[in-house]
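Quick notes on the structure that follows.
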Amino acid sequence: MRKIFIAGNWKMNLTKSEAIALASGLAAKSSSFGNVEVGVIPAFVHIDAVSAAVKGSPISVGAQDVYFEKNGAFTGEISTDMLVDLGVQYALVGHSERRHILKESDELLNKKVLALLARKELGALLCVGELLEERKAEKTFAVIEHQLKTGLAGVDASHVDRLVIAYEPVWAIGTGLTASPQQAQDAHAFTRATLAKMFNPDFANKIQIQYGGSVKASNAGELLSQPDVDGALVGGASLKVDEFVGIITAGAATKK
Ligand code: 13P
């Protein structure tokens, strides 16, 4: 049985004191998380302080990005060694904002995934998802398949426990629009079937696939009760303790 994994992507938000307050507020409520795995993904500059604030709680800490080179003249970038040193457990790769605003290519994202998986301490959370015009043109599945195949090229199936996929339809991110539970389930089932072909059925059965895009406490239960939705990657609603805890408790109530 796959566990539910709910992570809050804080994006480029919060001052240090706000990040600490949010992390501490969540840690204080962690007894209500049930069987749900919970993570927070602050900006790089807040990782240390947030890690200290959640210490002793079951909340994991991730990074929003990583660079694939080990070290050297890459001004502004952050390496896997630096993440490991901070105790970070995983990093996002290919978030739609990095694909579409920062113009990161599939090839670059693949290098980041491989760099993360090369470190046994780290996991990779690969985001995939279609633009609105791609959905309208009925290209959703083709886009997901392309992003999975390019992003996961060269990945060893034995790393399934350190890999998570987030399906985030771009049109649903920060817009208040949410994929319907059926739209999410269809995309997740397609993702799992694609991974079964790319790797093997056991890999596909084990991997956690999160949904992201305007998840709130009020819609989380319906989304998370879909058979192939194994969690959520939450943006805006993860910036408020009560709303994020509401999403987690809705996940716990689905008792997957
Ligand atoms: P919102 O929950 O704000 O739509 O953001 C989703 C997202 O991009 C999470 O990575």
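The values are calculated or read from the model by the stated rules, or taken from the named source; none is laboratory data. Model, not experiment: these values are computed from the prediction. All Cβ positions, even for glycine, are placed from backbone atoms using ideal geometry, and neighbour counts span all protein chains on display. We work out accessible area using only protein heavy atoms, side chains counted, and drop any ligands, DNA or RNA first. Shrake-Rupley method; radii C 1.70, N 1.55, O 1.52, S 1.80 Å.
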### Message
Of everything in region 19-34, what is under 19 Å from the mean Cα position of the chain (by Cα) and either more than 14 Å from residue 252 (Cα to Cα) or modelled with pLDDT under 95 (or both)? Give them in sequence order.
### Response
19, 22, 23, 26
### Query
How many of the residues making up region 221-242 are within 10 Å of the ligand (Cβ to nearest atom) and in a helix (DSSP H, G or I)?
4
### Task
Have a look at 126, 117, 102, 83 and point out the one that is open to solvent by 40 Å² or more (accessible area, probe 1.4 Å) and among the aliphatic types (A, V, I, L, M).
102
### Task
Please indicate, with yes or no, whether at least one residue in region 16-29 is in contact with an Asp or Glu (Cβ under 9 Å, 6 or more places away or on another chain) and open to solvent by 60 Å² or more (accessible area, probe 1.4 Å).
yes
### Query
Can residue 75 be described as open to solvent by 40 Å² or more (accessible area, probe 1.4 Å) and at negative phi?
yes
### Message
It is to be established whether one or more residues within region 243-256 are more than 12 Å from the ligand (Cβ to nearest atom), among the polar types (S, T, N, Q) and over 30 Å from residue 25 (Cβ atoms).
### Response
no
### Task
Kindly check whether there is at least one residue in region 184-197 that is away from the ligand (no atom under 16 Å from the Cβ), basic (Lys, Arg) and within 19 Å of the chain's Cα centre (by Cα).
yes
### Message
Restricting to region 211-220, name every residue that is open to solvent by less than 20 Å² (accessible area, probe 1.4 Å) and near the ligand (Cβ under 9 Å from one of its atoms).
### Response
212, 213, 215
### Task
Taking residue 55 as meeting all but one of (1) open to solvent by 70 Å² or more (accessible area, probe 1.4 Å); (2) basic (Lys, Arg); (3) within 23 Å of residue 127 (Cα to Cα), write down the number of the exception.
(3)
### Message
Consider region 165-182. How many of its residues are more than 12 Å from the ligand (Cβ to nearest atom) and crowded, with 17+ Cβ neighbours inside 10 Å?
### Response
2
